[in-house]
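See below for the structure under consideration.
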Amino acid sequence: MSTRTGLFLQMNDYQPGMIKNKACRNSLIYCSSDQFPKTEDLLPTLEAIIKETHESESSMILQLSKRISTLNDLKDLEELAFGLDVDYLHLDHSWPAEEVRELALRLPVAVSVSNLTLPERYWFRNNCPNVLFIHDYYPRKDTGLDQNVFDDLSEGISREDLVVFVPGNPVEERKGNEPSTLEHHRTMTPYAASLDLMNQGVGGIIYTSFEIGDMEKQMIDKATQGVYGLPVSLNHPELYHQTFTIRSDSPKKLRRLLEIPQGIQMPVNPDVPVARRPGFITMDNLHFPDSQGSLMICNGDFQADPCVNVIGHVCDYYLPIIELLENGACIEFIHPNLHG
């Protein structure tokens, strides 16, 4: 399954060129009209946003509130969707459920999962083949979904049809009010939160800031293609940008890498042995002749071992990634100064 990523845009924040500059090809642009000030300016602004979205080879999810007086019935919405070539209409909580169902039979729509009972989720899934199921976002800290609530609300829905919001700003710049669907993602980088959702099979991920860093975007894009970047600090710079495979028999606490790295001189002389912590990267030395040069990534605490050299560590913000990587995954070591 290919996960689509995208960006969150408040319509009143739109500036020409911002979508082209930030959106990746095949992105989802979630455009909210919730704070749009003047309804008479709505259509010209929408036309510009949708035109730029499609020029960027991306798709538009347009969120509309019933409070917008110029678009307060189904006929208006249908004319707007066809006239402006909107990809998906997301009708928020202000629209009656029966109107949303009626429109969904004729147009591609996105519906809020939290509004739906389990039978209603089955109805949309069985009767509306183009529907997207969107989980709400929660700006206020501590109000996002727990994982078990997310799972309960997603029951009956194919994970490929789910769209979920994660914070887009760097962790250190967040003020606690950047929107997120799952609460535990508020302390994760956009990349780590993405891997968590990709592992769950989620089909659409929206970043709630246009400020997501270029390197973070590159790692996310590579992850959708099956190569998982890991920002690390290493004593051996020749290991950067080599790709390795986590062994299929790797224990969860000690991720063993299959390939012997290129550019390492043999024999590997022992270093002063040190205790190992989660995130430490190690290399077997000549005291393990059959595996010298082999790499491991610690995901637990281990005593010092004279047969093992500590050669680097995973950057702190990216430690959750170690837990998210599956056996057989292909990883690439990334220099920490290159992510932004």
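Relative to the longest principal axis of the Cα atoms of the chain, the long axis of helix 42-55 makes an angle of roughly 40 degrees. Taking 0.36 nm per residue of sequence separation and removing the Cα-Cα distance, the residue 155/residue 225 pair yields an extension gain of 22.5 nm.
Kindly state, to the nearest 0.05, the FRET efficiency for residue 303 paired with residue 262, given R0 = 30 Å and r defined as their beta-carbon distance. Working shown, then result.
Details: r = 30 Å, r/R0 = 1.00.
Once the sixth-power term is evaluated, E becomes 0.50.
With a simple spin-label model that places each label point 7 Å from the Cα along the Cα-to-Cβ direction, the separation between residue 271 and residue 143 comes to 4.7 nm. Relative contact order for the chain: 14 percent, from Cα pairs under 8 Å spaced at least 6 residues apart, divided by residue count. Counting charges near residue 170 (Lys, Arg +1; Asp, Glu -1) among other residues having Cβ under 14 Å from its Cβ returns a value of -3.
Under the rule of -39500 (n - 2.57) per DSSP H run of 4 or more residues, summed and divided by the residues of the chain, what mean residue ellipticity at 222 nm is obtained, to the nearest 500 deg cm²/dmol?
Working: 9 runs with 81 residues, N = 340.
Theoretical 222 nm ellipticity from helices: -6500 deg cm²/dmol.
The length gained on full extension between residue 327 and residue 82, counted as 0.36 nm times the residue separation minus their Cα-Cα distance, comes to 83.6 nm. A Förster distance of 35 Å, applied to the separation of the beta-carbon atoms of residue 51 and residue 171, puts the FRET efficiency at 0.55.
On a 0 to 90 degree scale, rounded to 10, what angle separates helix 74-84 from the longest Cα axis of the chain? The angle comes out at about 60 degrees. What FRET efficiency, computed as 1/(1 + (r/R0)^6) with R0 = 35 Å and r the Cβ-Cβ distance, is obtained for residue 242 and residue 200, rounded to the nearest 0.05? Plugging the Cβ-Cβ distance into 1/(1 + (r/R0)^6) gives 0.75.
Across the range 106-203, C-alpha contacts under 8 Å between residues 6 or more apart give a mean separation that, scaled by the residue count, equals a relative contact order of 29 percent. Against the main long axis of the alpha-carbon atoms of the chain, helix 214-224 sits at an angle near 90°.
Every read-out reported here was derived from the displayed coordinates using simple, explicitly stated rules and does not represent laboratory data. The shown structure was predicted, so the numbers you read here are calculated from the model rather than taken from an experiment. Backbone-built Cβ (ideal geometry, glycine too); neighbour counts: all protein chains shown.
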